[in-house]
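A quick write-up on the structure given underneath.
Laboratory data are not the source of any read-out in this text; all were calculated from the coordinates shown. Predicted model, so just to flag it, every value in this text is computed and none were measured. Cβ placement follows ideal geometry from the backbone for every residue including glycine, while neighbour counts extend to all protein chains displayed.
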Amino acid sequence: MTSYLQNAALRTNPLRARLFRSKYQRAKLLHGKRLHDKLRRSNLLRPRPIPPAAPDLYPPPRANPYAIGTTFPTMQEAREAILHHTISQNLSYSVSRADATRYIIKCRCSTCPFRLRVTLRKGDGQAVVTVSRPHNCSPEVHKGWRWASSVKYLVAKHKEAFKDKGGRMLVSELRELELKAGNDVSEKQAWRARKAIANEVES
């Protein structure tokens, strides 16, 4: 239980009271641990509606970009398809070489044999997957990949949904959509993506 001095400090000093904004902290200081635990349990056990599965809002690739022989009209489209497919499969990669005629990626784990090479064909200028070796590394390797929460990827994926909602998409909604797709995006990164989408739509 709190003492008389602690109660008086909270009631008379607004700066002191402002330090304890959470109702759980105020309950613990003013009424002891029992009420604090009761509030915690009531909040955690409160039933919450489970939203339906979110559709993938990013345009899916027309063919599997990890399959040998898959062609793309341009190298840029090949790179975007590889990025989207990699994130949707909860995988990751690091770029080994990237120029106008080739795009080579490998696994972030040095012992994994994963390789993917896309080459620009001279005859028609299309990008073709010429080398593809699968992953055999642990799923822990792919956690925390920065491209999965990049603003560029999130803008391309959620811009159309932002337009359909008339610009009323919240940061929490964007995070929820990504979380249901298996991509844990931080609140700060979701805010950046939403701001970039709004600027792009307004311009």
Thr71 and Lys143 label points (each 7 Å along its Cα→Cβ direction) are spaced in nm at 4.2
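Please report the relative contact order for region 92-141, taking Cα pairs under 8 Å with a sequence separation of at least 6, and give it as a percent rounded to a whole number.
28
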Quarter of the surface of the C-alpha convex hull for region 114-162, i.e. direction-averaged projected area in nm², equals 5.6
Here, Lys165 and Arg108, labelled 7 Å along Cα→Cβ, have an inter-label distance in nm of 2.7
For region 70-142, the convex hull over Cα atoms projects on average to an area in nm² of 4.5
Share (percent) of C-alpha pair distances in region 151-202 greater than 16 Å works out to 27
Scoring region 87-203 by relative contact order with C-alpha pairs under 8 Å, at least six apart, yields a percentage of 19
